[in-house]
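Asker: Sharing a structure, written as structure tokens. Questions coming.
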Amino acid sequence: MTQTDARMSTTTTHLGWVDHARGIGIIAVVIGHVIRGLDSANRIDAPSSALLVDSIIYTWHMPLFFLLSGLFVEGSRTRRGSNGLILSKVATLVWPYVIWTLLQGTIQVAFGGATNTDLSAGDVLALWDPILHFWFLYALFFVFVLVAAARSVGASPLLILIGAAVLYLVADHVDFPIPLRLVSENAVFFALGMVVATPQARSLAPKLPSSSKVRLAVFAGCAMGLVVLEWFFHRSGDPRLEEHSLLAAFVAVVGVGVAVQLAMLGDRLGMRWLAKLGSHSMTIYLAHILFASTLRVILLKLSITSFPGHVVAGVGIGLLGPMMLDVFAKRMNATWLFSAPARLIS
């Protein structure tokens, strides 16, 4: 990496909109999971419109998180080296993956009658095959490993993007082992983040006028374009989850672009609450289902079956509950719940 690359990567880490983007992404994650949880509940059926909302969210929310991770990999690799980068990801990805898979998995096995998932102890202990939403941590770690290896042998971010794009297009046609399957489905967005973060890409980016009216018009145009794309993508009226096609990738990229523009707008407007959610996005991602599903069970015990009411309450507790847990963990010296103790990886 050149000195210019290093300066750019250092600057990128201070972009205020990034936490806003994470905030937008984590809100979308919680909304989608609350809708799915309600649809699987015994006494509540999600309306078809809600399932379409979940599918629309799914087209871009996880690509957004992979792209944001890709923005910073070069800066991290420069500071730590490839080995140090991977070791840091063991602490922040592998450790919480194992802890929360065992924690939430054990709870759901113990209270299987009150939950929507049919997990066995064997499923929970098979850590090589991720359960529930923890696949993201698993996949992201392997993406970091492969990218670090590729960069170590001189592969450029653009070459990595091309390779990741090929993997994406063959993902549904090749019987990959679990790690490579998840990498093939998601690495293209991580690699896109790497390319976007390069000085060459930044120099080619169009320079928008500083006028807020022009920026708002550009955002409105992109948002309308996304609406048209999502309508076309979901024109059958059915959810289209787990699809890996050129159209799905294009929808994802446009959706990520709109989310980033919205995050930049939020940053300019000083929406600190959104940035706060973003700064806790990992904690929320890990714990939101425990909080939301517990509240759902309690409300159903009280014979409260209103779908809108459950969505509002579930999303609220899914966002705020993990943040309170994070504060409690810090006060109780239990931060090991979310990241490996430094003494174990130093």
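The values are calculated or read from the model by the stated rules, or taken from the named source; none is laboratory data. Because the structure is predicted, anything quoted here is derived from the model rather than measured. Please note: Cβ atoms are built from the backbone with ideal geometry, for glycine as well, and neighbour counts cover all protein chains shown.
So that you can scan it fast, the table gives a plain yes or no per residue for (1) buried (at least 22 other Cβ atoms within 10 Å of the Cβ); (2) in contact (Cβ under 8 Å) with a residue 12 or more places away in the chain; (3) touching a strand residue (DSSP E or B) at 6+ places or on another chain (Cβ under 7 Å); (4) part of a helix (DSSP H, G or I):
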site	(1), (2), (3), (4)
51	no, yes, no, yes
54	no, yes, no, yes
57	no, yes, no, yes
65	yes, yes, no, yes
68	yes, yes, no, yes
73	yes, yes, no, yes
78	no, yes, no, yes
84	no, no, no, yes
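Asker: If residue 184 satisfies all but one of (1) of a type in the set (S, T, N, Q); (2) surrounded by 15 or more Cβ atoms within 10 Å (Cβ to Cβ); (3) over 21 Å from the mean Cα position of the chain (by Cα), what's the number of the condition it fails?
Answerer: (3)
Asker: In addition: Scanning for something in contact with a helix residue (DSSP H, G or I) (Cβ under 8 Å, 6 or more places away or on another chain), hydroxyl-bearing (Ser, Thr, Tyr) and closer than 22 Å to residue 90 by Cβ, does the range 285-296 turn up at least one residue?
Answerer: yes
Here's the yes/no breakdown for (1) in contact with an Asp or Glu (Cβ under 9 Å, 6 or more places away or on another chain); (2) crowded, with 18+ Cβ neighbours inside 10 Å; (3) of a type in the set (Phe, Trp, Tyr); (4) in contact (Cβ under 8 Å) with a residue 24 or more places away in the chain:
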{"position": "214", "(1), (2), (3), (4)": "no, no, no, no"}
{"position": "221", "(1), (2), (3), (4)": "no, no, no, no"}
{"position": "240", "(1), (2), (3), (4)": "no, yes, no, yes"}
{"position": "250", "(1), (2), (3), (4)": "no, no, yes, no"}
{"position": "274", "(1), (2), (3), (4)": "yes, yes, no, yes"}
{"position": "288", "(1), (2), (3), (4)": "no, yes, no, yes"}
{"position": "292", "(1), (2), (3), (4)": "no, yes, no, yes"}
{"position": "311", "(1), (2), (3), (4)": "no, yes, no, yes"}
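Asker: Okay, next question. Output yes when any residue across the range 18-30 is more than 18 Å from residue 264 (Cβ to Cβ) and modelled with pLDDT of 95 or more, and no when none is.
Answerer: To start, the set of residues in the range 18-30 that are more than 18 Å from residue 264 (Cβ to Cβ) comprises 29-30.
Then drop every residue that is not modelled with pLDDT of 95 or more, which leaves 29-30.
Scanning the range 18-30, I find at least one residue that is more than 18 Å from residue 264 (Cβ to Cβ) and modelled with pLDDT of 95 or more, so the answer is yes.
Asker: Would you mind listing the helices (runs of 4 or more DSSP H) fully within the range 222-331 where at least 2 residues are within 24 Å of residue 189 (Cα to Cα)?
Answerer: Numbers: elements: 246-268, 272-279, 281-301, 307-331.
The helices (runs of 4 or more DSSP H) meeting that bar are 246-268, 272-279, 281-301.
Asker: Let me ask something else about it. Six or more apart or on different chains, Cβ under 9 Å: which pairs go from a residue in the range 120-143 that's in a loop (DSSP other than H, G, I, E, B) and buried (at least 17 other Cβ atoms within 10 Å of the Cβ) to one that's among the aromatic types (Phe, Trp, Tyr) and at pLDDT 95 or above? Could you list them?
Answerer: 130/97; 130/136; 130/138
Asker: Might you let me know whether the range 144-155 holds any residue that is among the charged types (D, E, K, R), farther than 26 Å from residue 29 by Cβ and buried (at least 16 other Cβ atoms within 10 Å of the Cβ)? Talk me through it step by step, then tell me what you get.
Answerer: Pass one, the range 144-155, residues among the charged types (D, E, K, R): 151.
Then drop every residue that is not farther than 26 Å from residue 29 by Cβ, which leaves 151.
Now drop any that are not buried (at least 16 other Cβ atoms within 10 Å of the Cβ), which leaves 151.
Within the range 144-155, one or more residues are among the charged types (D, E, K, R), farther than 26 Å from residue 29 by Cβ and buried (at least 16 other Cβ atoms within 10 Å of the Cβ).
Asker: Moving to a separate point now. Assess whether residue 204 counts as being surrounded by 10 or more Cβ atoms within 10 Å (Cβ to Cβ), more than 24 Å from the chain's Cα centre (by Cα) and either at pLDDT below 95 or not aliphatic (A, V, I, L, M) (or both).
Answerer: On the way: surrounded by 10 or more Cβ atoms within 10 Å (Cβ to Cβ): no; more than 24 Å from the chain's Cα centre (by Cα): yes; either at pLDDT below 95 or not aliphatic (A, V, I, L, M) (or both): yes.
Judged against the criteria, residue 204 is not a match.
Asker: Further question on the same structure: Against the conditions (1) outside any helix (DSSP H, G or I); (2) surrounded by fewer than 17 Cβ atoms within 10 Å (Cβ to Cβ); (3) within 22 Å of the chain's Cα centre (by Cα), where does residue 173 fall short? Just the number, please.
Answerer: (3)
Asker: Something else now. Just name the residue that is surrounded by the most Cβ atoms within 10 Å (Cβ to Cβ) out of those in the range 24-49 that are more than 19 Å from the chain's Cα centre (by Cα) and in a helix (DSSP H, G or I).
Answerer: Per the criteria, the residue is 38.
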